[in-house]
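Data first, discussion second: the structure below is written as structure tokens.
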Amino acid sequence: MKRRERILTTINHQEPDRIPIGFDVHDNKKKEMMKYYGVSDYRDFYEKTGVECFSVWDWPAATPDYKGPKREGVKKMDATHGCWGKESEIIYPMEKLDLDTYIWPDIEHFDFTDLSKKLMEIKQRDMTATSAHAGVGFQHHYQMRSYTETFYDLYDDDWMEEYMARNRTFFLEYFKRLFHYSNGNIDIIRADEDLGGQDKLNISPQLWRKWYKPLWKEVFDICHENKAKIWLHSCGFCRDLVDDFIEIGVDILNPIPPYVRGSDPLEMKEVYGDKLAFDGGVDQINVLVRGTRQMVVDEVKLRIEQLKKGGGYILGPSQVLTDDMPLENIVAFFETALKYGSY
């Protein structure tokens, strides 16, 4: 079975020949990995290792080009964060501005011309073609306004009505154009909605449902109408809203960290395995970063045993491969996944 087929098979809740392997990786660790495996082009990494390199952030993801004005202080002017003026945990572009003073993104500043070509090139390399990104909810809000201002905003109904209306105007048109210019070549849409810490939500379920859920649903409906699967990242506590995720159309949930309350991989599989595919699960904090090689082997084998049945599982870290992660543990992660992941 080829790579793209393997990934699509498993996220459609069927058993492929083996569990596909996915991850995102910090830049310095990526360079170290490429050097170890003797790869000069990251797009060839999976050829050398046999690992799918499934990702919705790095290659093989493709987005339109942002051609608009540069935002103050932003290093990378892309179509995901830079176009809004966001630098995660560093720049909150609306923190000191009101709704009329902030300069909202203009859809005409996004160039979709080459999007279909980029997506086709990804498919020609036997990978799933991913695009977006969908960030229309609570996480987008606090990245724009800071946590403090966001919590005040949530209790100002007039402000929230106008704020969400402006987001709706941009995002619905953005996704309509995204699919128009993709010519049917998008397999997966990526989305993020970090909502909590290790054991509780940072926002009440009622407030999330009132303000953010409706726009998520509208965006995801556009995606499903165009036959794209929805991959959602929510790495903190989110269990109180998982049923809502399913209701609005999430297909794949990432990264099911076993050290977060309500995210035990086995229990999540037993409860939601017929409705959600999962991506992640291998303990990052306690094993991949701090553990021994044997601990990595045991952890990977455990997650395979818990989550492989019936498909619906992409094996990966419970966050990303970070710079503080020993290379030996990453190699053990890949080797164990390939050795024991067959059906």
- [ ] Could you check Gly316 against (1) more than 20 Å from Asn28 (Cβ to Cβ); (2) out of contact with any helix residue (DSSP H, G or I) (no Cβ under 8 Å at 6 or more places or on another chain) and say which number it fails?
- [x] (1)
TODO: Please find, among Lys35, Lys96, Lys29, Lys67, the residue that is more than 30 Å from Arg177 (Cβ to Cβ), touching a strand residue (DSSP E or B) at 6+ places or on another chain (Cβ under 6 Å) and surrounded by fewer than 20 Cβ atoms within 10 Å (Cβ to Cβ).
DONE: Lys29
- [ ] Search the range 60-95 for residues being in contact (Cβ under 8 Å) with a residue 60 or more places away in the chain and either part of a strand (DSSP E or B) or in contact with a helix residue (DSSP H, G or I) (Cβ under 6 Å, 6 or more places away or on another chain) (or both), and hand back the single one that is nearest to Trp231 (Cα to Cα).
- [x] Ala61
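If you check Met160 against the conditions, is it touching a Pro at 6+ places or on another chain (Cβ under 9 Å) and closer than 27 Å to Cys235 by Cα? Don't jump to the end; show me each part of the working.
Working: touching a Pro at 6+ places or on another chain (Cβ under 9 Å): no; closer than 27 Å to Cys235 by Cα: yes.
Considered against the rule, which asks whether it is touching a Pro at 6+ places or on another chain (Cβ under 9 Å) and closer than 27 Å to Cys235 by Cα, Met160 comes out as no.
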Open item on the list: Quick check on the range 173-192. Is at least one of its residues more than 23 Å from the chain's Cα centre (by Cα) and either surrounded by fewer than 20 Cβ atoms within 10 Å (Cβ to Cβ) or charged (D, E, K, R) (or both)?
Closed with: no
- [ ] Look through the range 131-168, keep the residues that are more than 13 Å from Tyr212 (Cα to Cα), among the hydrophobic types (A, V, I, L, M, F, W, C) and crowded, with 16+ Cβ neighbours inside 10 Å, and return whichever of them is modelled with the highest pLDDT.
- [x] Met144
Task: Qualifying residues in the range 164-190 (those that are outside any strand (DSSP E or B) and in contact with a strand residue (DSSP E or B) (Cβ under 8 Å, 6 or more places away or on another chain)) - the one farthest from Asp98 (Cα to Cα) - done: Asp187
Open item on the list: So, in the range 216-238, exactly how many residues are closer than 27 Å to Arg261 by Cβ, assigned to a helix (DSSP H, G or I) and touching a Phe, Trp or Tyr at 6+ places or on another chain (Cβ under 7 Å)?
Closed with: 0
Open item on the list: Within the range 50-59, does at least one residue satisfy the condition of being assigned to a loop (DSSP other than H, G, I, E, B), at pLDDT 95 or above and at positive phi?
Closed with: no
TODO: Starting from the range 200-223, keep only residues that are within 19 Å of Glu162 (Cα to Cα) and touching a residue at least 24 places away in the same chain (Cβ under 8 Å), then list their pairs with residues that are of a type outside the set (A, V, I, L, M, F, W, C) and surrounded by fewer than 18 Cβ atoms within 10 Å (Cβ to Cβ) whose Cβ atoms are within a distance under 6 Å, requiring at least 6 positions of separation or different chains.
DONE: Leu215/Arg168
Task: Near pairs, Cβ below 8 angstrom, 6+ apart or cross-chain, from the range 308-324 (touching a residue at least 24 places away in the same chain (Cβ under 8 Å)) to any residue that is polar (S, T, N, Q) and assigned to a loop (DSSP other than H, G, I, E, B) - done: Gly310/Gln14; Gly311/Asn12; Gly311/Gln14
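Residue under question is Ser55, and the condition is that it be polar (S, T, N, Q) and touching a residue at least 60 places away in the same chain (Cβ under 8 Å); does it hold? So that I can check it myself, show each step before the final result.
On the way: polar (S, T, N, Q): yes; touching a residue at least 60 places away in the same chain (Cβ under 8 Å): yes.
So Ser55 passes the test.
For Val260, state whether it is among the β-branched types (Val, Ile, Thr) and in contact (Cβ under 8 Å) with a residue 60 or more places away in the chain. Don't jump to the end; show me each part of the working.
Numbers: among the β-branched types (Val, Ile, Thr): yes; in contact (Cβ under 8 Å) with a residue 60 or more places away in the chain: yes.
Yes: the conditions hold for Val260.
Is it true that some residue in the range 29-37 is more than 26 Å from Tyr272 (Cβ to Cβ), in contact with a His (Cβ under 8 Å, 6 or more places away or on another chain), modelled with pLDDT of 95 or more and not in a loop (DSSP other than H, G, I, E, B)? Break it down into steps so the answer makes sense when it comes.
Start the filter on the range 29-37 by keeping residues that are more than 26 Å from Tyr272 (Cβ to Cβ), which leaves 29-37.
Then keep just the ones that are in contact with a His (Cβ under 8 Å, 6 or more places away or on another chain); that gives none.
There is no residue in the range 29-37 that is more than 26 Å from Tyr272 (Cβ to Cβ), in contact with a His (Cβ under 8 Å, 6 or more places away or on another chain), modelled with pLDDT of 95 or more and not in a loop (DSSP other than H, G, I, E, B).
From the list Lys96, Lys75, Lys67, which one is in contact with a His (Cβ under 7 Å, 6 or more places away or on another chain) and not hydrophobic (A, V, I, L, M, F, W, C)? Give the derivation first.
Numbers: Lys96 fails: in contact with a His (Cβ under 7 Å, 6 or more places away or on another chain); Lys75 fails: in contact with a His (Cβ under 7 Å, 6 or more places away or on another chain).
On inspection, the qualifying residue turns out to be Lys67.
Tell me the residue from Asn12, Asn28 that is under 22 Å from the mean Cα position of the chain (by Cα) and under 25 Å from Asp323 (Cβ atoms), please. Explain how you work it out, then say what you get.
Working: Asn12 fails: under 25 Å from Asp323 (Cβ atoms).
It is Asn28.
The values are calculated or read from the model by the stated rules, or taken from the named source; none is laboratory data. In this text, all values refer to a predicted model and were calculated from it rather than measured experimentally. Quick reminder, even Gly has a Cβ in these numbers, built from the backbone with ideal geometry, and neighbours come from all protein chains shown.
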